[in-house]
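Notes for the one structure printed next.
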Amino acid sequence: MSKEITPRAQDYSQWYNDLVIKGSLADYSAVRGCMVIKPYGFALWENMRDVLDKMFKDTGHQNAYFPLFIPKSLFEAEEKNAEGFAKECAVVTHYRLKTDPNNKGKLIVDPEAKLEEELVVRPTSEAIIWNTYKGWIQSYRDLPILVNQWANVVRWEMRTRLFLRTAEFLWQEGHTAHATKEEAVIETKKMLEVYADFVENWMALPVIKGVKTANERFAGAEDTYCIEAMMQDGKALQAGTSHFLGQNFAKAFDVKFSDKNNNLEYVWATSWGVSTRLIGALVMAHSDDQGLVLPPKIAPLQVVIVPIFKGDEQKAAIDAKVTVMMAELKALGVSVKYDDSDNARPGWKFAEHEMKGVPVRIAIGARDLEQNIVEVARRDTKEKANASIDGIGLHVKHLLDEIQQNIFNRAKAFRDDHITEANNWEEFVELLDNKTGFISAHWDGTPETEDKIKEQTKATIRCIPLDNKQEAGTCILSGNPSTQRVLFARAY
RNA sequence: CGGGAAGUGGCGCAGGCCGGUAGCGCAUCUGGUUUGGGACCAGGGGGUCGCAGGUUCGAAUCCUGUCUUCCCGACCA
């Protein structure tokens, strides 16, 4: 099997596909736009999910599960939300197949089994959840409701890409209900912070926290907060969103509560989500031409040990040492695998584990045993160094921390180096054409201007950064006055 | 959905124009030698050529339809 990866410089898209497939994260399937997540990729997702799930629970949320199908009449209740997703909904219209009388052994949809009402396969769950919340909420004492769901959703995209945009994807969606606007806004921002914390400190991916413009806002939201990450080709990738939904869904589904003064009020809402798309972000942000580079804190496997030996005697001596090292590493909470399979030679194993992004590789051979050392190779820099077997556990544990930090620093340095200010239209266009990355520029605040810029350059406003510096300026396109810079980029 | 490319043993490809019953490399299996950056020798197994029709004595090859994938757009997390 060819294991060569297309170099980034040659074809960035192909490089990405190669990483996902040859790194054993996922595979194409027989289903249009849908991928198979392979065990290694799913282990990565499980690690991410577990950390996030704990963070949600630590902030007071509980998990629940709502139906995959949403009756069309419920789905259309919140008009903007429905409109926003209408173009990409899969719809169930029948509930039965039957054998084809004209074609033996084949099945056809039974025309007599047409549903009274079509079912929309959820592209997001606000509708079914708010329809449910109506029954849960009568009094201010029932609030807040802090619920999260881990689920799959379907969005029938025109063009799909592994992890970045698939017709079906896995995600979590938090849906909360509150008595006051203030509380809902606080919740929205809190969850944005949780996402930023997770993506930066676990995935080692620096993000910019911000607010979306009206054009880029979630359908049905009053405000969409987001974290934006930069990929190695300079394009932006929305890594997570947290929406303040106002009372839109409460009004659409008639969810009211009695407050302390016995006034009937509409409930305030938020929703927030991250998806398997984060895996795509991870791959594109850190990896290189040799394969994946995974942050130790969420890597399915942190350390691999490769023996190098001639004959059974040497193997036995190495095995004995490795057993001790493995115990030491495991006691420190490090995940480690001893790759002593006999069907591949060391060089092949080295390449294979680099491809899969295992953060640390330990090689141990007969001549190392004599000196009581091993060769420790780190994936992020590909540096190799000898280390004493005594105290190897702590040494590796510290190295994993260092790798985690280094991957983050590297990504952050790249990102900071690729955010450039543009002060007029010529500079803006020049930067887009000649330097990849984000552009910080003044904008007059109107959707019309934003649309025109998108039309002419394919660049969109990724966000208005939170805590943005206020400064007087003029819009790069219209020349109208502006009070702050916003971030533009071409995006995934 | 528009433009381009592609689908042939597990993977990567050749063959196709000019129809005659499928080949190469890697992987795999057996035996042996090997093992400090993707080993070598010898022998073996595995494919109704994406799917469905059609033309023909005969189709991987020609025709029609269809599905899927990749790249570039429009749409989007």
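The values are calculated or read from the model by the stated rules, or taken from the named source; none is laboratory data. On a predicted model such as this, the values are computed, not experimentally measured, just so you know. Heads up, the Cβs are rebuilt from the backbone with ideal geometry, glycines too, and the neighbour counts pull from every protein chain shown. Ligands, DNA and RNA are stripped out before the accessible areas are found, and what is left, the full protein with its side chains, is counted by its heavy atoms. Shrake-Rupley method; radii C 1.70, N 1.55, O 1.52, S 1.80 Å.
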Bridge type composition, the stretch A:419-489 - antiparallel percent by DSSP, nearest 5: 75
- request: For every other residue with a beta carbon closer than 14 angstrom to the beta carbon of A:ALA179, add +1 if it is Lys or Arg and -1 if Asp or Glu, then tell me the sum.
  value: -2
- request: Taking H placed 1.01 Å from N in the peptide plane, check which residues at least 5 places from A:ALA491 or on another chain put their amide H under 5 Å from its amide H.
  value: A:ALA236, A:THR460
field: In degrees, nearest ten, helix A:12-22 long axis to first principal axis of chain A (Cα)
entry: 70
statement: Rounded to a whole %, the carbon-and-sulfur portion of the accessible area of chain A at a 1.4 Å probe is 50
- request: List every residue whose amide H lies under 5 Å from the amide H of A:SER287, counting only residues 5 or more places away in sequence or on a different chain, with H placed 1.01 Å from N in the peptide plane.
  value: A:VAL293
- prompt: Rounded to the nearest 0.05, what FRET efficiency is calculated for A:ASN63 and A:ASP467 with R0 set to 51 Å and r the Cβ-Cβ distance?
  reply: 0.95
- request: Determine, from the Cβ-Cβ distance of A:ALA86 and A:ASN215 and an R0 of 25 Å, the FRET efficiency 1/(1 + (r/R0)^6), rounded to the nearest 0.05.
  value: 0.90
Average accessible area per residue (Å²) across chain A - probe 1.4 Å, nucleic acids and ligands excluded: 46
- prompt: At 222 nm, what helix-only mean residue ellipticity would chain A give, in deg cm²/dmol to the nearest 500, using -39500 (n - 2.57) for each DSSP H run of four or more?
  reply: -11000 deg cm²/dmol
Alpha carbon centroid spacing (whole Å) that separates the stretch A:86-165 from the stretch A:1-57: 26
- prompt: If you count the DSSP beta bridges with both ends in chain A, what percent of them are antiparallel, to the nearest 5?
  reply: 80
- prompt: What are the principal axis extents of the Cα atoms in the stretch A:233-377, in Å, biggest first?
  reply: 82, 38, 24
- prompt: What size of dipole, in debye to the nearest 20, comes out for the stretch A:303-403 about its Cα centre when the only charges are +1 on Lys and Arg C-beta atoms and -1 on Asp and Glu C-beta atoms?
  reply: 220
message: Using the Karplus curve 6.51 cos²θ - 1.76 cosθ + 1.60 with θ = phi - 60°, what ³J(HN,Hα) values do you get for each residue of the stretch A:169-183, in whole Hz, with x for Gly and Pro?
response: 9, 9, 7, 10, 9, x, 9, 10, 10, 9, 7, 10, 4, 4, 5
- request: Any chance you could give the angle, 0 to 90 degrees and rounded to 10, that helix A:277-286 forms with the longest Cα principal axis of chain A?
  value: 40
- prompt: Among the DSSP beta bridges whose two residues both lie in the stretch A:303-403, what percent are antiparallel, rounded to the nearest 5?
  reply: 50
query: Which whole-Hz ³J(HN,Hα) couplings does the stretch A:296-309 yield from phi under the Karplus relation 6.51 cos²θ - 1.76 cosθ + 1.60, θ = phi - 60°, glycine and proline marked x?
result: x, 5, 10, 5, x, 9, 8, 9, 10, 10, 10, x, 10, 8
statement: Total charge of the residues flanking A:VAL304 in space, meaning their Cβ is under 11 Å from its Cβ, with Lys and Arg +1 and Asp and Glu -1, is +1
message: Just to make sure I understand: if all protein chains stay in place, what is the order of A:TRP45, A:TRP150, A:TRP443 by accessible area at 1.4 Å, largest first?
response: A:TRP150, A:TRP443, A:TRP45
query: Counting Lys and Arg as +1 and Asp and Glu as -1, what is the net charge of the other residues whose Cβ lies under 9 Å from the Cβ of A:PHE438?
result: +1
- prompt: Whose amide H sits under 5 Å from the amide H of A:VAL274, counting only residues 5 or more places off or on another chain, with H placed in the peptide plane?
  reply: A:GLN172
